[in-house]
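First up is the structure itself, then whatever we jot down about it.
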Amino acid sequence: MRSLRVAAVAVLLAGTAVAVHAGGPAQAAIGGLTWSDEFDGAAGTAPNQSRWRYDIGGGGWGNNELQYYTSSTSNAALNGAGQLVITARRENPAGYGCWYGSCQYTSARLLTSATFTQTYGRFESRMKIPRGNGIWPAFWMLGNDLGSVGWPASGEIDIMENIGREPNTVHGTIHGPGYSGAEGIGGGYTIGSPFADAFHTFAVEWGPDFIAWFVDGVQYQRRTPADLGGDRWVFNHPFFMIMNVAVGGNWPGSPDASTSFPQQMVVDYVRVYGWTSDPGGGTGSIVGAGSNRCIDIPSANPVDGARLQLWDCNGTGAQRWTFNADGSVTALGKCMDVSGGSTANGAAIQLWTCNGTGAQKFTLSGAGDLVNIQANKCVDVANVATANGSPLHLWECTGASNQKWRRA
């Protein structure tokens, strides 16, 4: 999507960087809060300089964008209600020069490259985005080796982007060597009304071999090294965060007569959670949120092909699951498995002799989705049932309660 929004980074990898990095299992082992900004402070004051710095300038940022980014509280300030407001204005109060001549717009671009970086975890913000043709809000991340290897080798993770002509859709994308610019790997998420009408929560969960995107707790996309068709995964080092509102550019196009100014992105919070090598304490039960019953093997002496089911939690070996470093989930000496290695909706979730195939690789996200990595689909209770004996199968992740699980 983005062409090259990383040119002329004003504050580049200076100061103290805080990195959280644990190797460990390739599971969504999301840990505790490692960094946050709740934007508490008096109305009209600048964002906390111990957390955020500014990119400044009007060189187009690699995309022929039209705004001049400033450090003025006219463009980025707290509102006194626990929120940060980034404002794009149609103005040029200081005679700023842009790549196309005298600048027509100002805005702000905040980043944490000099204050905070992290490897893996959950990066989340609740915000209300602006609207209008030519308006381009974004919450995204860049690799902290940008200054030494350049873009796109540093990697880029776009948590949320929106362009004004698509008011009901946000995009999540990764960029790296061979998949930069318009060739970025990603997808969109569409709702029934403009995102600008209300606050929404945007997040990614990121581990050694996956990145998953969420809107309001619903996972809508997941990417792994296999999506890149080779050794081009550049997401195993610290990244820093960026928030900005661009005006114009190659992708959104320019504002038109229908676009009103000022336009504001109101940010309620930004929170980052760490990565831990253990998603829930070794071995234990997996409990369904909708039923409060456990994933169960229907026989204490199971055979290959035994269909997994819901059952009252009883602490027996048939309900004690271990999340292993290779991505397998085991109980009674066998693996959780998708029947026939299928990736289709409705494929049975069963028990099978462990064989290391993709049908036996699962991850439990911080949002409670138990996902088969090969299929990028969720372990689901058939027909939204909650009774003892209800069978489990594979299904597109929807965020519904019959797909939500927790360790116990």
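The values are calculated or read from the model by the stated rules, or taken from the named source; none is laboratory data. Note that the structure is a prediction, hence the values are computed from the model and not measured. Quick reminder, even Gly has a Cβ in these numbers, built from the backbone with ideal geometry, and neighbours come from all protein chains shown.
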Breaking point among (1) in contact with a strand residue (DSSP E or B) (Cβ under 9 Å, 6 or more places away or on another chain); (2) in contact (Cβ under 8 Å) with a residue 60 or more places away in the chain, for GLY147: (1)
Qualifying residue in the range 132-151 (condition: modelled with pLDDT of 95 or more, of a type outside the set (Val, Ile, Thr) and in contact with a helix residue (DSSP H, G or I) (Cβ under 7 Å, 6 or more places away or on another chain)): no
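Residues checked against (1) under 30 Å from the mean Cα position of the chain (by Cα); (2) assigned by TED's automatic domain parsing to the domain that holds PHE202:
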{"site": "SER258", "(1), (2)": "no, yes"}
{"site": "ASN301", "(1), (2)": "no, no"}
{"site": "ALA318", "(1), (2)": "no, no"}
{"site": "PHE323", "(1), (2)": "yes, no"}
{"site": "GLY327", "(1), (2)": "yes, no"}
Pair list, Cβ < 8 Å and 6+ apart or interchain, from the range 190-208 residues that are under 18 Å from ASN133 (Cα atoms) to residues that are β-branched (Val, Ile, Thr) and part of a loop (DSSP other than H, G, I, E, B): PHE195/ILE129; ALA196/ILE129
Condition broken by ILE373, with the remaining ones in (1) hydrophobic (A, V, I, L, M, F, W, C); (2) buried (at least 23 other Cβ atoms within 10 Å of the Cβ); (3) under 25 Å from the mean Cα position of the chain (by Cα) satisfied: (2)
Test: SER193 is at pLDDT 95 or above and more than 21 Å from THR34 (Cα to Cα): yes
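Filter the range 119-141 down to residues that are assigned to a loop (DSSP other than H, G, I, E, B) and over 19 Å from the mean Cα position of the chain (by Cα), then give me how many there are.
So the first thing to find is which residues in the range 119-141 are assigned to a loop (DSSP other than H, G, I, E, B), and the list is 119-120, 129-134.
Adding the requirement that they be over 19 Å from the mean Cα position of the chain (by Cα) leaves 130-134.
Total satisfying the criteria: 5.
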Test set (1) surrounded by 13 or more Cβ atoms within 10 Å (Cβ to Cβ); (2) in contact with a Pro (Cβ under 9 Å, 6 or more places away or on another chain); (3) over 20 Å from PHE210 (Cα atoms) - ASN324 fails condition number: (3)
Some residue of the range 142-157 being assigned by TED's automatic domain parsing to the domain that holds TRP52, assigned to a strand (DSSP E or B) and among the aliphatic types (A, V, I, L, M): yes
Selected residue [at pLDDT 95 or above, surrounded by fewer than 15 Cβ atoms within 10 Å (Cβ to Cβ) and assigned to a loop (DSSP other than H, G, I, E, B)] from ALA42, ALA7: ALA42
Enumerated strands (runs of 3 or more DSSP E) restricted to the range 336-408, each holding at least 1 residues that are among the hydroxyl-bearing types (Ser, Thr, Tyr) and in contact with an Asp or Glu (Cβ under 6 Å, 6 or more places away or on another chain): none
Number of the condition not met by GLN118 [criteria: (1) crowded, with 24+ Cβ neighbours inside 10 Å; (2) of a type in the set (S, T, N, Q); (3) within 24 Å of TYR68 (Cβ to Cβ)]: (3)
Any hit, the range 306-318, residues being of a type in the set (Gly, Ala, Ser), under 23 Å from TRP206 (Cα atoms) and out of contact with any Ser or Thr (no Cβ under 8 Å at 6 or more places or on another chain): no
Unique residue being crowded, with 17+ Cβ neighbours inside 10 Å and modelled with pLDDT of 95 or more when the list is ASN75, ASN48: ASN75
Odd one out for GLY305 among (1) under 28 Å from the mean Cα position of the chain (by Cα); (2) of a type outside the set (Val, Ile, Thr); (3) assigned to a loop (DSSP other than H, G, I, E, B); (4) farther than 30 Å from PRO238 by Cα: (1)
Failed criterion for PRO302 (all others in (1) of a type outside the set (D, E, K, R); (2) within 15 Å of THR353 (Cα to Cα); (3) touching a Phe, Trp or Tyr at 6+ places or on another chain (Cβ under 8 Å) hold): (3)
